[in-house]
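Inspection log for the structure reproduced underneath, given as structure tokens.
Derivation of every value follows stated rules applied to the coordinates shown; laboratory data play no part. For clarity, every value in this text was computed on a predicted model and none was experimentally measured. A quick note on method: Cβ atoms are made from the backbone with ideal geometry, for glycine too, and the neighbour counts reach across all protein chains shown.
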Amino acid sequence: MPINVTRSSMPSYEEFCEEIKELWDSRWLTNMGKKHKQLQAELEEYLGTPHLTLYTNGHLALENILVAMGLEKGGEIITTPFTFASTTHAIVRCGYVPVFCDINEEDYTIDVTKIEELITDKTVAILPVHVYGNICNVEEIDRIAKKHNLKVIYDAAHAFGVTYNGVSSACFGDASMFSFHATKVFNTIEGGAVTFASDELVQILNDIKNFGIRGPEAVAYIGGNAKMNEFQAAMGICNLRHIDEEIAKRQRVVEHYRLRLNGVKGIKLCAEQGGVKANYAYFPVVFDGYKYTRDEVFDNLRSEDIIARKYFYPLTNSFECYKELPTAGEDKTPVAKHIAHRVLTLPLYADLTLEEVDKICDIILR
Ligand code: T4K
């Protein structure tokens, strides 16, 4: 069995069977059923947010909140290219132009000193990414957004359960999107959510995700379908019972990695962020002036069946599909380019043993 970059957290088989048993009795499988309502309420409580809407995946959650914001079509959205394809694709698929801001060298989130120079009369929003679960400079982003009257939508796909100065990652900006994909700290197999404070967004988000249907004979909006089904919600209910334990196990893994790799010349670890209660979602390592390049380390690990990943390489602004975009090109974001060519995310999941971490570190250091 290879050691992959991650491995889904799951409840016991018996616990999941128990949770889904009533779905056979009721035959109610989707369309905001009992499990959906229960998970929504439990997540609002866990994440400390007034409103949460569930989705069939994180990407559609992001597209749906972009549509719900009612931003001027064709407008520019400032974002970072050091992210998964989904972030940039959502912006473009919803009819906006991504304007790529560079990242900072400490935690690889948006460089807030470079946002204002990118603002034009076409800018409608900022879409920063809490990449690897690292919290963006939310105070400064808030200040800039207020000054220029811009919306802020966070891609918080990686930041489930993270808090900053005691405030949940679900509470920053106008809205935040979470991914509950199988590879995430908290999963519903596939799944996602949007969190937000505004009461006005509740109706429009529900309309967009369920065809605008407001009653058996009332269709008030041209919506689509992005609903989470009852099996996904049941998995979420089970996984949420164990989430604190899972995060604590991940912490042990990360602490062991740090013990082994901290201070090694040419190896740069992400600094722990002040005031942040982390979720230990990813363990990125930057090989910069190390005796081996990132790609050599990747190959050495792979030859021993350890599959690390180059998250996030290539940058989204150098994707083939964006080559005609006037704002594309990795040279425009030099820090992101530098990191993307050197970063490797090492295997990290709750059940990864410390012996396996030792094996991975031995190969890297050998
Ligand atoms: N924004 C950001 C910043 C994101 O990172 C993502 C998703 C999104 C938005 C969009 O959210 P979703 O629509 O996906 O909810 C994976 C995930 O599919 C993706 O959710 C995630 N980001 C991205 C960073 O990673 P791949 O293509 O690397 O996945 P894959 O299939 O290579 O899996 C990686 C490893 O995970 C496997 O080697 C083994 C393990 N795994 C995988 C699956 C599918 C499991 O243990 N169980 C599984 O079921 O994208």
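Worth a mention:
- Anchor K249: lysines whose Cα lies under 19 Å away (excluding residues fewer than 8 positions away in-chain): K184, K277, K359
- For the pair K323 and K114, a Förster radius of 25 Å applied to the C-beta separation gives a FRET efficiency near 0.65, rounded to the nearest 0.05.
- DSSP assigns beta bridges within the chain; of those with both partners inside it, close to 65 percent run antiparallel.
- Cα centroid of segment 271-339 to Cα centroid of segment 210-259, whole Å: 26 Å
- Label point distance in nm, E356-E22, each placed 7 Å from Cα along Cα→Cβ: 3.4 nm
- Partner lysines for K73 [C-alpha distance under 26 Å; skip if fewer than 8 residues away on the same chain]: K114, K122, K146, K147, K151, K209, K227, K323, K332
- Near Q273, once Lys and Arg are set to +1 and Asp and Glu to -1 for all other residues with Cβ below 9 Å from its Cβ, the sum equals -3.
- For E19, net neighbour charge (Lys/Arg +1, Asp/Glu -1) across residues whose Cβ lies under 12 Å away: -1
- Prolate/oblate/rounded call for segment 243-365, Cα gyration tensor, a/c under 1.5 rounded: prolate
- Peptides 115-124, 94-103 ordered by average Cβ neighbours within 10 Å, highest first: 94-103, 115-124
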